[in-house]
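The structure under discussion appears below in the form of structure tokens.
The values are calculated or read from the model by the stated rules, or taken from the named source; none is laboratory data. The structure presented is a predicted model; accordingly, all values stated were derived computationally and were not measured. For neighbour counting, all protein chains shown are included, and Cβ atoms are generated from backbone atoms with ideal geometry for every residue, glycine included.
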Amino acid sequence: MTPSADPSARPAGLRRSVVVLVLVAVVGLAGTGMAALALHNAERDRLARSLGQRSTIISQAISAEVSRYSASLLDLAAAVGAQSELEAAEFTAITAAVDRRRFPGGTGLSFVVPAADGDVATLQERWRKLGATGLTLRPNGASAHRFAVLSKSMDDMGSSIGTDMSTSAQAVEAMDIAEQGHRVAVSRTYRLLKDSDLPLERRQLSFVFVAPVYATSPGAADNGRFRGWLMLGVRGGDFLSEVVAGSAGDRVAVTLLDDASGDPLPMATWAPGVPLDTSIGARDEPLPVAQRSWTLRVEATKRLLTGTDQGLDKVAGAVGLVLTALLVALTGTIVTSRNRALRRVDEATAALRTDIARREEVEHRLRQRETELVGFAGVVAHDLRSPLARIMGYADFLQEEAFDRLDPMQRDFLARLRKGADHMRVLIDDLLDYATAENRPMANVPVDLHRLAEEIARERAADRPAEVVVGDLPTVYGDPTLLRQVLDNLIGNAIKYTPAEREPHVRIGCHPIAEGRWRCEVSDNGIGIPENDRSAVFDAFRRVGGSENFPGTGLGLAIVHRIVERHHGRVGVDSNPEGGSVFWFTVPEDSRIPVSHAPPAQKQMS
Ligand code: ADP
């Protein structure tokens, strides 16, 4: 099976990323919503406060104006009452200063007197004599009349002179209240008689201020008696516009409601032409007017708050949304990059695992093949041994028994036969050693390296004179037979690869190294090994340049390598500073270090 990255990891990672993004978005939106809500509430509070302040100011302004109208009308009534005989000229003089500037919204000021049905003609005659020359009384058909006998118009709608005011129930009611209460009264809202002829768009609802007039001149025939009423007509719309224009501006819309009938009647409206702010409701203020009660309704327009105060919640919302979007985008980028990096790591890991698995498989097959080959070589070598022994036996027999009868050429052939058979014997021995070094059972016992080296040196010195110095070698742990093969191969090579004309000088020594091991070295003064070839000498059948003149099979160092490998050690070769080579290997210091089933030994050259 091909190893690969954990397949369940990706969807889980993706789910985690989506959860993180959703969390960031939710937190961002919640924060934005809360900030916008807080600002919205703060703005509403400010709006309500501001509307309250405006309402109070406007209410006070209207109250002040109504008081001023009442007081002025009382003054005028007093002036009219002070005349011993009221004539038209005196009325004109008294009301000379009365105009729309003094009474905004005013339509006219009239002196109204009561008259019984039968007195109309007499009354008309009397007032004509008093200066109201063109007076024509127009009774309304009822039995009791209230005629405007003197009048000053304050608009372009003409004078009310001669009109019978008893036609208007609202005016009559106000007159009665004023007369009975000796005070100024304000009528209910109604359409003035003189406005009946106005075009629809100019018609307004109005009301009248009424003040009773009493004769107060000692010389007057009617001194102390009720003379009539002074009546000031006011158009509601004009009055309201004049009074509130300054204080309301375009910040609020104002409606005056007359509470007379249970259902408040809108009397006049000030609408500045700016859209209303419906986020906050209208504010109603009760407004006492003379003996009556009005309601002042004030509504905020979109301009009530200054520009900078408005829409802060929307600005905060928009900024919050933008920030949230940026945050989500940033988090998304980070999460995506991280996921991409993780994916790459996973892919690389999977590729690496595949590679390792493939290598292990190849290595396994190689080992299998090598084991088969080595086994095969062992079998072959073993089977070759007995025929070779017979060949050598017959060669020896020829040498001893028939040598004298051979001619020189036959003797030369016999010598060559002997030499070839010798070489083959060595090769077969080496092959068997090489084959068995891999998997023959191993001992793990103390091995006296010093004694071993001394024995080998003695045996080797018998073949060729050599100076072999065995140092202070330790007792180590391992297999005595195999370790003997290691020393034998290395000491044998050290002597063999020293040119014949030179006496071999061989030194053998060990010293402890880390990890509880000894490092043993065999140095010689031989031909040495070129640096480039040092990595190859431990391979089987490898003989390097310069060794052609020396006998050998190329298996000795391969055997050494295998044995050291099984002792969990390392092997290598350095050049000897004094000329020649230094071969070295490491072995366990004590029995606790395993010497079989070890990982492959490492060859090291320097
Ligand atoms: P063999 O000696 O039978 O050829 P080895 O495996 O023992 O095989 O050695 C492999 C090669 O390493 C040799 O052919 C030789 O070239 C080189 N070699 C080994 N030992 C020495 C040495 N002490 N000095 C120089 N060369 C050596």
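Overview of results
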quantity	calculated
Candidates Val19, Val66 - the one that is at negative phi and at pLDDT below 90	Val19
Test: residue in segment 501-513 that is buried (at least 18 other Cβ atoms within 10 Å of the Cβ), within 8 Å of the ligand (Cβ to nearest atom) and of a type in the set (Val, Ile, Thr)	no
When residues of segment 238-251 are limited to those that are free of Cβ contacts under 8 Å to residues at least 60 places away in the same chain and more than 23 Å from Thr107 (Cα to Cα), the one nearest to the chain's Cα centre (by Cα)	Asp250
Some residue of segment 93-107 being in a helix (DSSP H, G or I) and either over 60 Å from the mean Cα position of the chain (by Cα) or not aromatic (Phe, Trp, Tyr) (or both)	yes
Hey, Arg451 assigned by TED's automatic domain parsing to the domain that holds Val582, free of Cβ contacts under 8 Å to residues at least 24 places away in the same chain and closer than 20 Å to Trp584 by Cα or not	yes
Tally, over segment 308-351, of residues that are among the hydroxyl-bearing types (Ser, Thr, Tyr), in contact (Cβ under 8 Å) with a residue 60 or more places away in the chain and under 21 Å from Val26 (Cβ atoms)	3
Residues satisfying the stated conditions in segment 421-444, i.e. acidic (Asp, Glu), at pLDDT 85 or above and more than 13 Å from the ligand (Cβ to nearest atom)	Asp422
Yes/no for Gln60 being at pLDDT 85 or above, outside any helix (DSSP H, G or I), of a type outside the set (Val, Ile, Thr) and over 47 Å from the mean Cα position of the chain (by Cα)	no
Selection count, segment 252-265, where residues are without any contact (Cβ under 8 Å) to a residue 60 or more places away in the chain and outside any loop (DSSP other than H, G, I, E, B)	3
Residues located in segment 271-280, provided they are more than 10 Å from Asp250 (Cβ to Cβ) and touching a helix residue (DSSP H, G or I) at 6+ places or on another chain (Cβ under 9 Å)	Asp277, Ser279, Ile280
Segment 396-431, subset without any contact (Cβ under 8 Å) to a residue 24 or more places away in the chain and touching a helix residue (DSSP H, G or I) at 6+ places or on another chain (Cβ under 6 Å), residue farthest from Ile559 (Cα to Cα)	Leu398
The one condition in (1) within 24 Å of Ser110 (Cα to Cα); (2) of a type outside the set (S, T, N, Q); (3) not in a loop (DSSP other than H, G, I, E, B) that Ala220 fails to fulfil	(3)
Neighbours by Cβ (under 9 Å, 6+ apart or cross-chain): first from segment 79-104, small (Gly, Ala, Ser); second assigned to a helix (DSSP H, G or I)	Ala79/Glu90; Ala79/Ile94; Ala88/Trp127
Number of the exception - Tyr477 against (1) among the hydroxyl-bearing types (Ser, Thr, Tyr); (2) under 16 Å from Ala457 (Cα atoms); (3) outside any loop (DSSP other than H, G, I, E, B)	(2)
Failed criterion for Glu521 (all others in (1) within 12 Å of Ser581 (Cα to Cα); (2) part of a helix (DSSP H, G or I); (3) more than 10 Å from the ligand (Cβ to nearest atom) hold)	(2)
Qualifying residues in segment 77-126 (those that are polar (S, T, N, Q) and at pLDDT 90 or above) - the one surrounded by the most Cβ atoms within 10 Å (Cβ to Cβ)	Ser110
Given (1) touching a residue at least 24 places away in the same chain (Cβ under 8 Å); (2) surrounded by fewer than 19 Cβ atoms within 10 Å (Cβ to Cβ); (3) among the β-branched types (Val, Ile, Thr), number of the condition Val27 does not satisfy	(1)
Selection from segment 554-583 of residues that are surrounded by fewer than 20 Cβ atoms within 10 Å (Cβ to Cβ), more than 22 Å from Arg517 (Cα to Cα) and either near the ligand (Cβ under 6 Å from one of its atoms) or not small (Gly, Ala, Ser) (or both)	Gly554, Asn576, Pro577, Glu578
Qualifying residue in segment 458-477 (condition: crowded, with 22+ Cβ neighbours inside 10 Å and more than 16 Å from the ligand (Cβ to nearest atom))	yes
Lone qualifier among Ala341, Ala329, Ala318, Ala351 - being over 24 Å from the mean Cα position of the chain (by Cα) and either in a helix (DSSP H, G or I) or loosely packed, with under 12 Cβ neighbours inside 10 Å (or both)	Ala351
Test: Ser160 is within 23 Å of Ala290 (Cβ to Cβ), of a type outside the set (Asp, Glu) and assigned by TED's automatic domain parsing to the domain that holds Gly236	yes
Any hit, segment 442-452, residues being within 20 Å of Arg562 (Cα to Cα), in a loop (DSSP other than H, G, I, E, B) and not polar (S, T, N, Q)	yes
Cross-chain or 6+ apart pairs with Cβ under 8 Å, segment 517-531 first and within 22 Å of Val587 (Cβ to Cβ) and in the same structural domain as Leu473 (by TED's automatic domain parsing), then within 12 Å of the ligand (Cβ to nearest atom) and assigned to a loop (DSSP other than H, G, I, E, B)	Ser523/Asn576; Ser523/Gly580; Asp524/Tyr497; Asp524/Thr498; Asp524/Pro504; Asp524/Asn576; Asp524/Gly580
Residue in segment 298-313 that is modelled with the lowest pLDDT, counting only those that are within 15 Å of Ser50 (Cα to Cα) and buried (at least 18 other Cβ atoms within 10 Å of the Cβ)	Leu305
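Let's see how each residue does on (1) over 60 Å from the mean Cα position of the chain (by Cα); (2) in the same structural domain as Pro504 (by TED's automatic domain parsing); (3) not hydroxyl-bearing (Ser, Thr, Tyr):
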{"site": "Gly393", "(1), (2), (3)": "yes, no, yes"}
{"site": "Pro408", "(1), (2), (3)": "yes, no, yes"}
{"site": "Leu432", "(1), (2), (3)": "yes, no, yes"}
{"site": "Pro465", "(1), (2), (3)": "yes, yes, yes"}
{"site": "Asp472", "(1), (2), (3)": "yes, yes, yes"}
{"site": "Thr475", "(1), (2), (3)": "yes, yes, no"}
